[in-house]
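Peer 1: Below is a structure I'd like to ask you about.
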Ligand code: LLP
């Protein structure tokens, strides 16, 4: 039923063990000990759940619910894990903007030396708005770049285009020549490596739409290098790979990098010396285990990649998204009703699938905890939102600590692909977002209003 990413069909699987452990230890699921992998803690018995030093109750009172709350400290900590693990090699962590594109988070990461992996002109504008000085640290991935997007990226002189097809390479070369702008490109190769993750977020097999077959790559590089006499605006600069997301083992990353490395050496022998290797993103977190050791995971990943790269002298790029922001964020929501239908109990929250679609889309598991513990026995419930679809659920048949209407609960590990995938389905304004730094909390995105939603329309 489950695969190693803990996503497919895993609702209610492993957490039972965790819940039993916690119930035995503290007699209550919601009152968990300080959680190492997550910044959400109950600082002392009887107090509410906090993000670092800030009470989620206070934040909910001040900004309303549903509310995304992120820990800036954890985001920076996670970035530093990569920077430290790779200290012996020239590298650049290009945060995958798609995971959480809040301007304040982009600015925070840029301030600590990160670059960015973008997949649209919109994401580029976000980076430019948040940290214009980081334009030269941007890599541009994606299978469908438009002329306008390419032109804008050329204009601001991004670091590298991760090119996903020969047709795109031709277009990029033409635009670069027309604009008289240097286009550094990396071919995104498809290494045909199986990554055990949810099928929707696996990308490294030949049957996927991403990248070019690694066997075709030498011919493409050679032709681009040959053409440089006619068009010196295009430069074979690097090579990139991304095999999927929420991958829990380092093994497939190592395997993909071995293949890439072999190709880099082969090209080098033929006089095409690449300056960068982009290992992509994809390192997974543990949505179940509060004791998840992030530092050990990064070390394992770095060892696998290092081993494959060997004596490569260029720069290593990497594109982590979820690993940096996923566990730093929670979605705080208020219970509207607790209702019984036949044998089932439904906890209806004011957040819905439009706020966090991962459970509905990937059968993803998110831990749900009470913000303030309540006495009594837990029970098995479905946690659902107000959207008019049966797929609008956060948990099914989940043993939860007792909750009542008016209570706050937090959906954990929601910092990545939470708000970034939120929509206005059912004409629901998107949630507000708060960033916590030390003891300070600040609103980084106000709640949308109905007027915001209606504004672009005419009758
Ligand atoms: N680089 C490229 C080219 C990507 O396509 C992605 C993610 C990343 C980097 C970052 O991957 P990460 O380190 O975050 O795993 N919505 C899904 C995840 C989709 C991932 C798409 N690509 C989810 O909620 O699980």
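The values are calculated or read from the model by the stated rules, or taken from the named source; none is laboratory data. Fair warning: this is a prediction, and the values are worked out from it, not measured in the lab. So basically every Cβ, Gly included, is an ideal-geometry build from the backbone, and we count neighbours across all protein chains shown.
Peer 1: Restricting to the stretch 121-132, and then to whatever is within 26 Å of residue 72 (Cβ to Cβ) and touching a helix residue (DSSP H, G or I) at 6+ places or on another chain (Cβ under 7 Å), can you tell me which residue is surrounded by the fewest Cβ atoms within 10 Å (Cβ to Cβ)?
Peer 2: From the stretch 121-132, those within 26 Å of residue 72 (Cβ to Cβ) are 122-132; that's our starting set.
In the following step, the residues that additionally are touching a helix residue (DSSP H, G or I) at 6+ places or on another chain (Cβ under 7 Å) were identified as 123-124, 126-131.
Working: 123: 22, 124: 21, 126: 19, 127: 27, 128: 16, 129: 11, 130: 21, 131: 21.
Once the filter is applied, the top-ranked residue is 129.
Peer 1: List the pairs whose first member sits in the stretch 358-385 and is under 18 Å from residue 65 (Cβ atoms) and within 16 Å of the ligand (Cβ to nearest atom), whose second member is part of a helix (DSSP H, G or I) and modelled with pLDDT of 95 or more, and whose Cβ atoms are under 8 Å apart, counting only residues at least 6 apart or on separate chains?
Peer 2: The qualifying pairs are 366/358; 366/359.
Peer 1: Also: Against the definition (in contact with a strand residue (DSSP E or B) (Cβ under 8 Å, 6 or more places away or on another chain), away from the ligand (no atom under 16 Å from the Cβ) and under 23 Å from residue 78 (Cβ atoms)), how does residue 401 come out, yes or no?
Peer 2: It is false that residue 401 is in contact with a strand residue (DSSP E or B) (Cβ under 8 Å, 6 or more places away or on another chain), away from the ligand (no atom under 16 Å from the Cβ) and under 23 Å from residue 78 (Cβ atoms).
Peer 1: Quick check on residue 196: is it closer than 27 Å to residue 260 by Cα and surrounded by 18 or more Cβ atoms within 10 Å (Cβ to Cβ)? First the steps, then the outcome.
Peer 2: Details: closer than 27 Å to residue 260 by Cα: yes; surrounded by 18 or more Cβ atoms within 10 Å (Cβ to Cβ): no.
Criteria not met by residue 196.
Peer 1: Between 331, 316, which is in contact (Cβ under 8 Å) with a residue 24 or more places away in the chain, surrounded by 20 or more Cβ atoms within 10 Å (Cβ to Cβ) and in the same structural domain as residue 118 (by TED's automatic domain parsing)? Give the derivation first.
Peer 2: On the way: 331 fails: in the same structural domain as residue 118 (by TED's automatic domain parsing).
Checking each option against the conditions leaves just 316.
Peer 1: Going by what's in this entry, would residue 364 be described as out of contact with any strand residue (DSSP E or B) (no Cβ under 9 Å at 6 or more places or on another chain), modelled with pLDDT under 95 and in a loop (DSSP other than H, G, I, E, B)?
Peer 2: Working: out of contact with any strand residue (DSSP E or B) (no Cβ under 9 Å at 6 or more places or on another chain): yes; modelled with pLDDT under 95: no; in a loop (DSSP other than H, G, I, E, B): yes.
No.
Peer 1: Can you give me the number of residues within the stretch 205-233 that are surrounded by 12 or more Cβ atoms within 10 Å (Cβ to Cβ) and either in contact with a helix residue (DSSP H, G or I) (Cβ under 7 Å, 6 or more places away or on another chain) or over 21 Å from residue 143 (Cα atoms) (or both)?
Peer 2: Of the residues in that region, 13 qualify.
Peer 1: Of all residues being part of a helix (DSSP H, G or I) and out of contact with any helix residue (DSSP H, G or I) (no Cβ under 9 Å at 6 or more places or on another chain) in the stretch 154-173, which is surrounded by the fewest Cβ atoms within 10 Å (Cβ to Cβ)? Just the residue, please. Write out each step before concluding.
Peer 2: If we filter the stretch 154-173 for residues that are part of a helix (DSSP H, G or I), which is where we start, we get 154-155, 166-173.
Restricting the remaining residues to those that are out of contact with any helix residue (DSSP H, G or I) (no Cβ under 9 Å at 6 or more places or on another chain) gives 167, 170.
Working: 167: 9, 170: 14.
Out of the qualifying residues, it is 167.
One line per residue, one yes/no per condition, for (1) assigned by TED's automatic domain parsing to the domain that holds residue 272; (2) under 19 Å from residue 236 (Cβ atoms); (3) in contact with a strand residue (DSSP E or B) (Cβ under 9 Å, 6 or more places away or on another chain); (4) within 16 Å of the ligand (Cβ to nearest atom):
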site: 109; (1), (2), (3), (4): yes, no, yes, yes
site: 113; (1), (2), (3), (4): yes, no, yes, no
site: 116; (1), (2), (3), (4): yes, no, yes, yes
site: 119; (1), (2), (3), (4): yes, no, yes, yes
site: 127; (1), (2), (3), (4): yes, no, yes, yes
site: 131; (1), (2), (3), (4): yes, no, yes, no
site: 139; (1), (2), (3), (4): yes, yes, yes, yes
site: 147; (1), (2), (3), (4): yes, no, no, no
site: 177; (1), (2), (3), (4): yes, yes, yes, no
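Peer 1: Moving on to the next point. Could you list, in sequence order, all residues of the stretch 317-348 that are in a strand (DSSP E or B) and over 25 Å from residue 101 (Cα atoms)?
Peer 2: 335, 336, 337, 338, 339, 340, 341, 344, 345, 346, 347, 348
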